[in-house]
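The values are calculated or read from the model by the stated rules, or taken from the named source; none is laboratory data. The shown structure was predicted, so the numbers you read here are calculated from the model rather than taken from an experiment. Note: ideal-geometry Cβ built from the backbone for every residue, glycine included; neighbour counts use all protein chains shown.
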Amino acid sequence: MKIIYRLGVALLISGATFACTGKSSSEGDRAFNRGAYKEAVNEYSQDLKYNPNDVVLLFNRGRAHEEQGQLDSAIADFEKALALEPNNSQVLLAISNLHYSQDNYSKALIYASKAEEIPGAPAMASFMKARALHQMGHTADAMKAYSNAIQLDKNFAQAYFNRGMLKTAMKQKRGACEDFQIAKSLEYPGAQDALNKFCK
């Protein structure tokens, strides 16, 4: 079984999948991976008839709903998965991302913060906490969370870029340009443009 998720600048995005024990829904996963999200929902739904408490199936069906813009259905599946596994950081981050995409930054912050508190939480948890704080205008806390994400993952290009943008807003030009330069070295899109705009 694979957990399918995405993570990006404003949206959770990646083509990556995560191995997980349990019954495989290879048809659902294959449909999802080729962009046939409606078919993926149908396949996952069929499997859920026999395994209604399978967190991975619920999560992946939620992702397929999300890709179709069916956000209410997506959040319902994610919430069911979270009720079964309250400390599942991937599910928490998916819910955080949905709230962020709807400009509900306070709820995005709540779920990202819960994910960050889990032992062994990924750098993405701190990053998503930071971007919610950033949008809410809590610059000092956002700076701390971006820095924590970078401490956990030294190659987190997007965290460097976002922290650079925050430093720019705080009139910390030198530190911002250093972050943009690192983001550029890590091949983050937009880093060169930021250097051209803010660092000349």
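Checked across segment 52-68, the condition of being at pLDDT 95 or above, surrounded by fewer than 18 Cβ atoms within 10 Å (Cβ to Cβ), under 30 Å from H134 (Cα atoms) and not charged (D, E, K, R) holds for at least one residue. Evaluate the following for A176: is it in contact with a helix residue (DSSP H, G or I) (Cβ under 6 Å, 6 or more places away or on another chain) and over 26 Å from S89 (Cα atoms)? It is true that A176 is in contact with a helix residue (DSSP H, G or I) (Cβ under 6 Å, 6 or more places away or on another chain) and over 26 Å from S89 (Cα atoms).
Kindly indicate whether any position in segment 151-170 is closer than 27 Å to F78 by Cα, touching a residue at least 12 places away in the same chain (Cβ under 8 Å), in contact with a His (Cβ under 8 Å, 6 or more places away or on another chain) and small (G, A, S). Checked segment 151-170: no residue is closer than 27 Å to F78 by Cα, touching a residue at least 12 places away in the same chain (Cβ under 8 Å), in contact with a His (Cβ under 8 Å, 6 or more places away or on another chain) and small (G, A, S). The condition of being within 16 Å of the chain's Cα centre (by Cα) and basic (K, R) holds for only one of K129, K144, that being K129.
For segment 175-194, state whether one or more residues are without any contact (Cβ under 8 Å) to a residue 12 or more places away in the chain, exposed (fewer than 15 other Cβ atoms within 10 Å of the Cβ), farther than 14 Å from M128 by Cα and basic (K, R). No, segment 175-194 contains no residue that is without any contact (Cβ under 8 Å) to a residue 12 or more places away in the chain, exposed (fewer than 15 other Cβ atoms within 10 Å of the Cβ), farther than 14 Å from M128 by Cα and basic (K, R). Look at (1) surrounded by fewer than 17 Cβ atoms within 10 Å (Cβ to Cβ); (2) touching a Ser or Thr at 6+ places or on another chain (Cβ under 7 Å) and you find that D153 fails only one, number (2).
Here is a list: G120, G137. Which entry is of a type outside the set (V, I, T), surrounded by fewer than 24 Cβ atoms within 10 Å (Cβ to Cβ) and at pLDDT below 95?
On the way: G137 fails: at pLDDT below 95.
Exactly one residue qualifies, and that residue is G120.
Scanning segment 51-71 for any residue that is under 30 Å from G137 (Cβ atoms) and out of contact with any Phe, Trp or Tyr (no Cβ under 9 Å at 6 or more places or on another chain) turns up at least one such residue.
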